[in-house]
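The values are calculated or read from the model by the stated rules, or taken from the named source; none is laboratory data. What you see is a predicted model; the values in this text were computed from it and never measured. Because the Cβ atoms are built from the backbone with ideal geometry, glycine has one as well, and the counts that use them run over all protein chains shown. Ligands, DNA and RNA are stripped out before the accessible areas are found, and what is left, the full protein with its side chains, is counted by its heavy atoms. Shrake-Rupley method; radii C 1.70, N 1.55, O 1.52, S 1.80 Å.
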Amino acid sequence: MSGQEGLIRALKKIGLSEYEARAYIALVELGEADASEISRRSGVPRTRIYDVLGRLEAAGIVQRVLGSRPAIYSAT
């Protein structure tokens with residue numbers, strides 16, 4: 001098992017979905033990124049990435065950088 005698979009499994013144990021876990025790990029690796037870059041890095045489809053980021057933001061584990069266009073996200 002790769003290190004990322006172990007991280008995904010651990011994040012799923014605390015309630016994140018597969019896509020949420022993948023997006024969160026990608027964002028931690030990137031530092032700050034827009035949704036498109038997070039989607040590319042994580043493998044989460046672009047059609048789903050904004051929903052996933054919205055749920056992570058609502059949970060308080062990612063945040064949008066204020067005033068950025070396009071929206072830039074960072075892990076908290």
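One residue alone among Ser74, Ser36 is modelled with pLDDT of 95 or more, in a helix (DSSP H, G or I) and among the polar types (S, T, N, Q), and that residue is Ser36.
Name the single residue that is most open to solvent (accessible area, probe 1.4 Å) among those in the stretch 16-45 being in contact with a strand residue (DSSP E or B) (Cβ under 8 Å, 6 or more places away or on another chain) and under 15 Å from Val65 (Cα atoms). Taking the candidates together, the pick is Glu32. In this structure, Glu57 does satisfy being at pLDDT 95 or above and either open to solvent by 50 Å² or more (accessible area, probe 1.4 Å) or not in a loop (DSSP other than H, G, I, E, B) (or both). Answer yes if at least one residue in the stretch 60-67 is polar (S, T, N, Q) and open to solvent by less than 30 Å² (accessible area, probe 1.4 Å), and no otherwise. Among the residues of the stretch 60-67, not one is polar (S, T, N, Q) and open to solvent by less than 30 Å² (accessible area, probe 1.4 Å), which makes the answer no. Val44 meets the conditions (1) in a helix (DSSP H, G or I); (2) modelled with pLDDT of 95 or more in every case but one. The failed one is (1). Considering every residue within the stretch 8-26, establish whether at least one is among the acidic types (Asp, Glu), within 12 Å of Ser74 (Cβ to Cβ) and in a helix (DSSP H, G or I). No, the stretch 8-26 contains no residue that is among the acidic types (Asp, Glu), within 12 Å of Ser74 (Cβ to Cβ) and in a helix (DSSP H, G or I).
Checked against (1) exposed (fewer than 12 other Cβ atoms within 10 Å of the Cβ); (2) in contact (Cβ under 8 Å) with a residue 40 or more places away in the chain, Ala10 passes all but condition (2).
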